[in-house]
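Peer 1: The structure is given below, and queries will be raised subsequently.
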Amino acid sequence: MDQAEQNELMVINILNQLYERDLDKLRAEIEAYADEADLWKTAGEIANSGGNLSLHLVGNLRHFFGAVLGGTGYIRDRENEFASGPVPRVDLLAGVTSALADVTATLENLSEADLQQMYPIEVFGHPMTTGYFLVHLATHLDYHLGQINYHRRLIGGGA
């Protein structure tokens, strides 16, 4: 295996490890809400519930990884991610499992050359490489993961 092949595997493996780690954290956060109803509560200026943020993360990853790069046929309803009412916890967890499957399957089929190519759609009104956008999606996941953690502790009063 030459250096380029090793680097390719390294970047894709790193991305895979980070997404797996953080989607496992999302699963743990959803499970950590002592009362399932707390997933859907808001308070004060906190407009998004932990449940809605979870739906948003699942929809985001299933769309940008699964549908756009992986051809899964997933159809995103972004507006509904923030408008949906109480979805059972088991369904939120199933969504996380599906998102992880989409991410993993897509990353398995990407090469270093794919990461260097422009992402197929312009998400922010300008072109960017697929590698750049996949790193962006990881930071987006972590941003909302932190919000969910804070929401859970604020609403449920737990650690």
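Peer 1: Can you tell me which of Thr104, Thr139 is touching a helix residue (DSSP H, G or I) at 6+ places or on another chain (Cβ under 9 Å), at pLDDT 95 or above and part of a helix (DSSP H, G or I)? Can you show your working first?
Peer 2: Numbers: Thr139 fails: touching a helix residue (DSSP H, G or I) at 6+ places or on another chain (Cβ under 9 Å).
None of the others qualify; the one that does is Thr104.
Peer 1: For region 143-159, which positions are at pLDDT 95 or above and either β-branched (Val, Ile, Thr) or touching a Lys or Arg at 6+ places or on another chain (Cβ under 9 Å) (or both)?
Peer 2: Of everything in region 143-159, those that are at pLDDT 95 or above and either β-branched (Val, Ile, Thr) or touching a Lys or Arg at 6+ places or on another chain (Cβ under 9 Å) (or both) turn out to be Leu145, Ile148, Asn149, His151.
Peer 1: Kindly indicate whether Gly85 is open to solvent by 50 Å² or more (accessible area, probe 1.4 Å) and not in a helix (DSSP H, G or I).
Peer 2: Details: open to solvent by 50 Å² or more (accessible area, probe 1.4 Å): no; not in a helix (DSSP H, G or I): yes.
Here the answer is no, as Gly85 does not meet what is asked.
Peer 1: If you scan region 123-159, which residues turn out to be farther than 13 Å from Ser54 by Cβ, open to solvent by less than 20 Å² (accessible area, probe 1.4 Å) and touching a residue at least 40 places away in the same chain (Cβ under 8 Å)?
Peer 2: Listed by number, the residues that qualify are Thr130, Gly131, Phe133, Leu134, Leu137, Ala138.
Peer 1: Further question: Within region 107-122, restricting attention to residues that are in a helix (DSSP H, G or I) and open to solvent by less than 30 Å² (accessible area, probe 1.4 Å), which residue is nearest to Asn16 (Cα to Cα)? If you could, list the steps in order and put the result at the bottom.
Peer 2: As a first pass, look at region 107-122 and keep what is in a helix (DSSP H, G or I): 107-108, 112-116.
With open to solvent by less than 30 Å² (accessible area, probe 1.4 Å) added as a condition, the list becomes 107, 115.
Details: Leu107: 7, Leu115: 13 Å.
Restricting to residues being in a helix (DSSP H, G or I) and open to solvent by less than 30 Å² (accessible area, probe 1.4 Å), the top hit is Leu107.
Peer 1: Additional query: May I ask you to verify whether Glu20 is free of Cβ contacts under 8 Å to residues at least 24 places away in the same chain and not in a loop (DSSP other than H, G, I, E, B)?
Peer 2: no
Peer 1: Here are some conditions: (1) hydrophobic (A, V, I, L, M, F, W, C); (2) over 30 Å from Gly156 (Cβ atoms); (3) under 18 Å from the mean Cα position of the chain (by Cα). Met10 meets all but one. Which one does it not meet?
Peer 2: (3)
Peer 1: I've got another one for you. Return yes or no: is Ala67 surrounded by fewer than 19 Cβ atoms within 10 Å (Cβ to Cβ), hydrophobic (A, V, I, L, M, F, W, C) and in contact with a Phe, Trp or Tyr (Cβ under 8 Å, 6 or more places away or on another chain)? Walk me through how you get there before you give the answer.
Peer 2: Details: surrounded by fewer than 19 Cβ atoms within 10 Å (Cβ to Cβ): yes; hydrophobic (A, V, I, L, M, F, W, C): yes; in contact with a Phe, Trp or Tyr (Cβ under 8 Å, 6 or more places away or on another chain): yes.
Judged against the criteria, Ala67 is a match.
Peer 1: Further, regarding this structure: Would you tally the residues in region 25-48 being assigned to a helix (DSSP H, G or I) and touching a residue at least 24 places away in the same chain (Cβ under 8 Å)? Working first, answer last.
Peer 2: The first filter runs over region 25-48 and keeps only residues assigned to a helix (DSSP H, G or I), leaving 25-32, 36-40.
Then drop every residue that is not touching a residue at least 24 places away in the same chain (Cβ under 8 Å), which leaves 25-27, 29-32, 36-40.
Matching residues across region 25-48 total 12.
Peer 1: Separate question: Out of Asp102, Asp114, Asp77, report the one residue that is more than 19 Å from Glu29 (Cα to Cα), touching a Lys or Arg at 6+ places or on another chain (Cβ under 6 Å) and in contact (Cβ under 8 Å) with a residue 12 or more places away in the chain. Spell out how you get there, then give the answer.
Peer 2: On the way: Asp114 fails: touching a Lys or Arg at 6+ places or on another chain (Cβ under 6 Å); Asp77 fails: touching a Lys or Arg at 6+ places or on another chain (Cβ under 6 Å).
Result: Asp102 is the single residue among Asp102, Asp114, Asp77 that is more than 19 Å from Glu29 (Cα to Cα), touching a Lys or Arg at 6+ places or on another chain (Cβ under 6 Å) and in contact (Cβ under 8 Å) with a residue 12 or more places away in the chain.
The values are calculated or read from the model by the stated rules, or taken from the named source; none is laboratory data. Predicted, not measured: the structure shown is a model, and the values here were computed from it. Using ideal geometry, Cβ is built from the backbone for each residue, glycine included, and neighbour counts are taken over all protein chains shown. Only protein heavy atoms, including side chains, enter the accessible area calculation; ligands, DNA and RNA are left aside. Shrake-Rupley method; radii C 1.70, N 1.55, O 1.52, S 1.80 Å.
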